[in-house]
Amino acid sequence: MVQMIGEITGNMAEEKIIVVAGATGAQGGGLVRAIQNDPGGGYRARAITRDVHSAKAKELAAMGAEVVAGDVDDEASLRRAYEGAHGAFCVTFFWAHFSPEKEFAEAGNMARAAKDAGVRHVIWSTLEDTRRWIPLSDDRMPTLMGKYKVPHFDSKGEAEELFAGAGVPVTNLLTSFYWENFIYFGMGPKKGEDGRLAITLPMGDYPLSCIAAEDIGKCAYGIFRSGSQYIGETVGIAGGHLTGTEMAAGFSEALGQEVVYNPVTPATYRGFGFPGAEDLGNMFQFNCDYNDYFCNARSVAFSRALNPDLQTFETWLERNKDRIPVG
């Protein structure tokens with residue numbers, strides 16, 4: 001028995017530690033599961049969480065992940081969490097506080113902590129700074145919070161300079177619209193005045209780059225497994241590029257009842273009044289106005305090369321149709 005313990009300890013010592021921020025969330029949780037579901041893959045997950053006693057933290061620990069206390073708002077705690085790590089997955093969650101400035105500060109904490117700890121590969125989960133395409137002076141799209149066009153995009157894109165400036169070896173990972181938004185964000189099919197179920201998006205006939213949240217983590221694992229190949233690069237991932245009509249057809253098939261696509265204008269969407277409606281309205285407008293760029297920056301083939309189990313919309317719907325609120 002003593003010999004066996006020694007052998008296990010030796011094997012663990014050879015594994016490269018990947019520290020995962022947002023480990024109890026969608027993207028980070030997907031990465032932790034991808035690592036832990038690949039025994040012998042040469043990596044071990046160290047999950048950062050504010051509360052190591054939470055149910056989600058205990059689930060990660062039960063999978064074999066190392067769970068440590070840390071907070072993206074506390075740089076010192078991040079330095080401790082990054083100690084001895086090979087890689088770090090860095091992500092922020094704008095929708096918890098709706099503050100791009102807070103998001104930017106959190107990114108800075110992670111970048112500096114990773115540099116101080118000597119982390120050899122950082123993945124920054126990012127999005128475009130839309131002001132590179134639509135300056136604040138451009139009135140095609142309203143300026144929000146005084147200095148942003150799409151706040152939850154712009155702060156992430158702007159934060160890329162923090163990782164580059166800190167001198168950490170970084171891969172910028174452009175993500176896509178989560179299909180889980182149809183479950184958790186109130187975007188699922190709803191009955192209109194005519195009694196028909198419809199999904200409402202301001203995308204016209206343009207395709208939207210989408211992905212299952214779990215697959216973001218799996219693709220990130222594929223990047224870590226690729227060694228240094230994507231360090232210094234910006235890469236984009238998607239599970240599909242689908243129009244509203246195509247998504248409505250997928251819902252109809254999966255739910256066994258007709259779902260139609262209700263296209264509205266971005267201005268109408270901005271006026272819906274729920275928290276974040278203006279931000280999302282601008283986001284969808286950016287996706288439409290720069291659709292060729294946006295879709296081309298996110299390759300489904302590349303995503304599948306990183307993650308051979310990449311889900312299609314149809315696959316995701318089959319697995320999740322019972323979780324989608326319909327009403």
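Put a plus charge on the Cβ of each Lys and Arg, a minus charge on the Cβ of each Asp and Glu, and nothing anywhere else: the dipole of the chain about its Cα centre is then about 380 debye.
Near residue 260, the amide H atoms lying under 5 Å from its own belong to 197, 198, 199; only residues 5 or more places off or on other chains count, and H is placed 1.01 Å from N.
Distance from the Cα centroid of segment 67-111 to that of segment 24-66 is 16 Å (rounded to whole angstrom). For segment 138-287, with equal point scatterers placed on the C-alpha atoms only and solvent neglected, what are the log10 I(q)/I(0) values from the Debye formula at q = 0.10, 0.14, 0.18 1/Å, to two decimals? Debye curve over Cα of segment 138-287, log10 I(q)/I(0) at q = 0.10, 0.14, 0.18 Å⁻¹: -0.44, -0.81, -1.16. So what is the diffusion coefficient of segment 45-107 in µm² per second by Stokes-Einstein at 4 °C and 1.567 mPa s, using a Kirkwood Rh over Cα pairs? Stokes-Einstein gives a translational diffusion coefficient of 103 µm²/s. Database remark: amide H of residue 17 closer than 5 angstrom to the amide H of 44, 86, 87 (H placed geometrically; neighbours at sequence offset of 5 or more, or on other chains; Pro and chain starts carry no H). Within segment 52-154, the ratio Rg/Rh, alpha carbon atoms throughout and Rh by Kirkwood, equals 1.07. Here the Kirkwood formula puts the hydrodynamic radius of the chain at 20.6 Å, using every distinct Cα pair. The share of accessible area on the chain that comes from carbon and sulfur is 51 percent, using a 1.4 angstrom probe.
Label positions at residue 184 and residue 62, each projected 7 Å from the Cα along the C-beta direction, are separated by 1.9 nm. In order along segment 170-187, phi translates into HN-Hα couplings of 10, 10, 8, 10, 6, 9, 10, 4, 6, 5, 4, 4, 6, 9, 9, 10, x, 9 Hz, rounded to whole numbers, per the Karplus curve 6.51 cos²θ - 1.76 cosθ + 1.60 with θ = phi - 60° and x for Gly and Pro. Using a cut-off of 30 Å between Cα atoms, the listed pairs 16/156; 156/218; 56/149; 16/56; 102/218 include 56/149 as exceeding that distance.
The Cα-based radius of gyration and maximum Cα-Cα distance (Dmax) for segment 149-225 are 17.1, 57 Å.
Taking every protein chain into account, the 1.4 Å probe leaves residue 71 with about 40 Å² of accessible area, to the nearest ten.
Subtracting the Cα-Cα distance of residue 69 and residue 290 from 0.36 nm times their residue separation leaves 75.5 nm of extension gain.
With a Förster radius of 41 Å applied to the C-beta separation of residue 321 and residue 120, the computed FRET efficiency comes to 0.50. Over segment 173-242, Cα pairs under 8 Å with separation of 6+ residues give a relative contact order of 44 percent.
Looking at segment 259-317, what % of the alpha carbon pairs are farther apart than 19 Å? Roughly 53 percent, rounded to a whole number. The share of alpha-carbon pairs in segment 121-190 lying farther apart than 18 Å comes to 52%.
Judged by the gyration tensor of its Cα atoms, with axes a ≥ b ≥ c, segment 221-327 is oblate; a/c meets the 1.5 cut and b/c is at least as large as a/b. Ordered from highest to lowest accessible area with the whole protein assembly present and a 1.4 Å probe, 226, 303 read as 226, 303. By a 1.4 Å probe calculation restricted to protein chains, residue 66 has an accessible surface near 60 Å², given to the nearest 10. Give me the Debye-computed log₁₀ of I(q)/I(0) at q = 0.14 Å⁻¹ for segment 101-141, equal point scatterers on Cα only, no solvent, two decimals. Log-scaled intensity ratios, in q order: -0.49.
Reported to the nearest whole Å, the Cα centre-to-centre distance from segment 258-274 to segment 123-178 is 24.
What FRET efficiency do you get for residue 98 and residue 231 if R0 is 51 Å and r is their Cβ-Cβ distance, rounded to the nearest 0.05? Computed FRET efficiency for residue 98 and residue 231 comes out at 0.95.
With the chain treated as a Gaussian network of Cα nodes joined by springs under 10 Å, which of 307, 296, 109 yields the largest mean-square fluctuation? It is 296.
Note on segment 80-212: Kirkwood hydrodynamic radius from all Cα pairs is 16.9 Å, rounded to one decimal. In this Cβ point-charge picture (+1 for Lys and Arg, -1 for Asp and Glu), segment 63-216 has a dipole of about 140 debye about its Cα centre. Using the Cβ-Cβ distance between residue 80 and residue 257 with R0 set to 51 Å, the FRET efficiency works out to roughly 0.45.
The values are calculated or read from the model by the stated rules, or taken from the named source; none is laboratory data. These numbers were taken from a predicted model, which means no experiment stands behind them. Please note: Cβ atoms are built from the backbone with ideal geometry, for glycine as well, and neighbour counts cover all protein chains shown. With ligands, DNA and RNA removed, areas are computed over all heavy atoms of the protein, side chains included. Shrake-Rupley method; radii C 1.70, N 1.55, O 1.52, S 1.80 Å.
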